[in-house]
Amino acid sequence: MTEKMHQQDFSKTIRLYYDDSEMKEFTAVVVSCTPLGEEFLVELDRTAFFAEGGGQEGDRGELRICGCSGDENAAGTRCGGPIAVSNTTEKAGIIYHHVSEFIAPGTQVEGAIDWELRYDRMQQHSAEHIVSGLVHKLYGFDNVGFRLTDEKTTLDFNGVLTAGDVTRIERLSNEAIWKNVPFNTLFPTKEEEASIEYRSKISIEGQVRLVEVPGYDLCACCAPHVKSSAQIGVIKIVDMANYKGGVRLTIKCGGRAVKDYDMALASLQELGEELSVPREELGTRVSKLKDELAAAEYEVQRWQAEYLAKCSGENIAGVSLCIVPPVSGDVVRRFVNETAPGSGIAKAVFFGNDTDGYGYVIGSDSGDLRALARSIGESLNGRGGGKDNMIQGTVKASAAQIREFFVNRSEK
Ligand SMILES: [Zn+2]
């Protein structure tokens, strides 16, 4: 198998990252420059920029025009600072650099890729090969969808994994990093390729490029990768979700994993300080707090029920009216449910204060309370409803206005 082939045999733009994935700067000549909307698409004879493809976004960076001295060179291209490359795309083997200004064909340029961005992507993508290779090897599932953006890296598999499987995959992936396994690039001949088993095998006309991580993976891929696994640093599988009959794993690797760890650690430390316990004890502390809160709520409701039971109510023409400070709506409903039936009177409890308004529950054995709910709504700026024997709602009115409403009602 030939380790390197002359790339022009299978792609129109020479891809410098095939030979050296760590090339940050290079020189090239502009072949064409085509306007497209607000942008210009610059074709170079060779490039280290990776074009959007296979789930990974295109490289960004800049192009600088070499060797010009005046304001405008002979070809009509302006001289000056670097020209930003906002994206890199590919069509029919030609790689296009998206820029905001015209660069005349024949111009010699220096290209510089945004290395921090590219290295981060190489860490995520190279990790994907190790994880997918392991999933394939151990469980037989294929990676059927890969998406790498600035925010997220997701891997879709066509089979279901358990949480235990994921822990195992993550551990073995990190062992691959510790072993510092090389990432090899292979360009097999057609005959060789036919006899090799590898992931993402599809029949294509041109040269197949294989990325090999010995002992872990062999996969067709055209993206730049790290030279050896130690450069990935760390692999964390941060999420697993059911997806189209299989699972979607979200990974964070290298610098992204470290940032994520920093964030998680800061949150845990903040929580730990807030609750005055070391972070190992946070779980126990939180369950204890939840129990304590439930007990306190129970106790509060018990006192509220006792308080309501003591409210004798003002009898205004067949309605026993209680106006009380804020209490739990559940407590009021229970109170009305228990006391209204058989009392021969409608029990009305308004709970709240004059500033925020009042909630209410009214229960009765007889009569159509829904008409009363409508009338309360109209007169006391409220809303509510319910059944013939039980209505509830809220009003935006004062205690005095509520009382006045019932007094006026009785005089009609
Ligand atoms: Zn790949």
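Structure data summary
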| quantity | calculated |
| --- | --- |
| Looking only at region 258-282, and only at residues there that are of a type in the set (Gly, Ala, Ser) and under 27 Å from the mean Cα position of the chain (by Cα), the one that is nearest to ASP120 (Cα to Cα) | ALA264 |
| Residue selected from region 129-159 under the condition within 16 Å of the ligand (Cβ to nearest atom) and small (Gly, Ala, Ser), by the criterion modelled with the lowest pLDDT | GLY145 |
| Those residues of region 219-252 which are within 13 Å of the ligand (Cβ to nearest atom) and surrounded by fewer than 21 Cβ atoms within 10 Å (Cβ to Cβ), in sequence order | CYS219, ALA220, CYS222 |
| Residues of region 42-75 that turn out to be in a loop (DSSP other than H, G, I, E, B) and modelled with pLDDT of 95 or more, as a count | 8 |
| Counted residues, region 110-128 - those being buried (at least 24 other Cβ atoms within 10 Å of the Cβ) and more than 16 Å from the ligand (Cβ to nearest atom) | 2 |
| Yes/no for THR107 being more than 16 Å from the ligand (Cβ to nearest atom), at pLDDT below 95 and buried (at least 16 other Cβ atoms within 10 Å of the Cβ) | yes |
| Count of residues meeting criterion [surrounded by fewer than 15 Cβ atoms within 10 Å (Cβ to Cβ) and under 15 Å from GLY246 (Cβ atoms)] in region 164-179 | 0 |
| Those helices (runs of 4 or more DSSP H) lying entirely in region 98-201 with at least 2 residues under 22 Å from PHE50 (Cβ atoms) and of a type outside the set (Lys, Arg) | 115-139 |
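The values are calculated or read from the model by the stated rules, or taken from the named source; none is laboratory data. All values reported here derive from a predicted model rather than from experimental measurement. Using ideal geometry, Cβ is built from the backbone for each residue, glycine included, and neighbour counts are taken over all protein chains shown.
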